[in-house]
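Visitor: Sending over a structure as structure tokens; questions will come in a sec.
The values are calculated or read from the model by the stated rules, or taken from the named source; none is laboratory data. Keep in mind the model is a prediction, meaning the values are calculated, not measured. Here Cβ is always computed from backbone atoms with ideal geometry, including for glycine, and neighbour counts include all displayed protein chains.
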Amino acid sequence: MTAPEDDEDIHLMIALAGGNDPALNVLMRRWHVRLTGYLDRLCGSHATACDLAQETFVRVYKHRHRFRPAQKFSTWLFAIATNLARNHARWQKRHPVTLMEPEQVSGLPLECELPCPSGSLEQQERAAAVRDAILKLPPEQKETLILSTYEGMSHAEIAEIMDTTEKVVEMRLYRARKHLKELLQPFLKSA
């Protein structure tokens, strides 16, 4: 986001804190797609990402008076979303869910009965392998990598979101990339 857009977000939050509730609608329109994309990459489920994005905006509204105009809105928003995703991941570990039994899955029809072109299929397989590898990273590495690579945030912004230092962000990025390379090594050898 550019400086004028950042300023507009801050003005919208000030208006929201002052009782102008429609300001939240503008913020949601501006940030929903990017926030959902971030959460989708973080948790690996689009449905969960949509739920967490919605809950993030509920928290923005609920805590609108806590927002400090000296900070960037995007940093505050992504910090809320990251904390919600962490809480959700902890909850899922304590409450595992099996939606279908393996024998039920084998009887399901394929998504598409038409054959895919091999180039497209290979590209989809590579993308799936990268997504799966990212999901296997430790939470701090995964969050840092997604915020940096997919959201294009600076080390300073990531440090603020994750409540750490820029040096720790650099270290986590280095370790995440190294870990990804190790996880994707079998896939890279077959290419």
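Visitor: Closer than 30 Å to P138 by Cβ and at pLDDT below 95: is that true of S106 in this structure?
Guide: no
Visitor: For region 36-51, what are the residues that are within 17 Å of L135 (Cα to Cα) and not small (G, A, S)?
Guide: T36, Y38, L39, D40, R41, L42, C43, H46, T48
Visitor: Out of region 1-26, which residues are in a helix (DSSP H, G or I) and among the aliphatic types (A, V, I, L, M)?
Guide: A3, I10, L12, M13, I14, A15, L16, A17, A23, L24, V26
Visitor: Would you say E143 is of a type in the set (D, E, K, R) and either touching a Leu at 6+ places or on another chain (Cβ under 8 Å) or at pLDDT 95 or above (or both)?
Guide: So E143 fits the description; yes.
Visitor: How many residues are of a type outside the set (A, V, I, L, M, F, W, C) and surrounded by 20 or more Cβ atoms within 10 Å (Cβ to Cβ) when one looks only at region 131-150? Break it down into steps so the answer makes sense when it comes.
Guide: As a first pass, look at region 131-150 and keep what is of a type outside the set (A, V, I, L, M, F, W, C): 131-132, 136, 138-144, 148-150.
Still in the list and also surrounded by 20 or more Cβ atoms within 10 Å (Cβ to Cβ): 141-144, 148.
Number of matching residues: 5.
Visitor: Within region 62-84, how many residues turn out to be surrounded by 14 or more Cβ atoms within 10 Å (Cβ to Cβ) and assigned to a helix (DSSP H, G or I)?
Guide: Count: 13.
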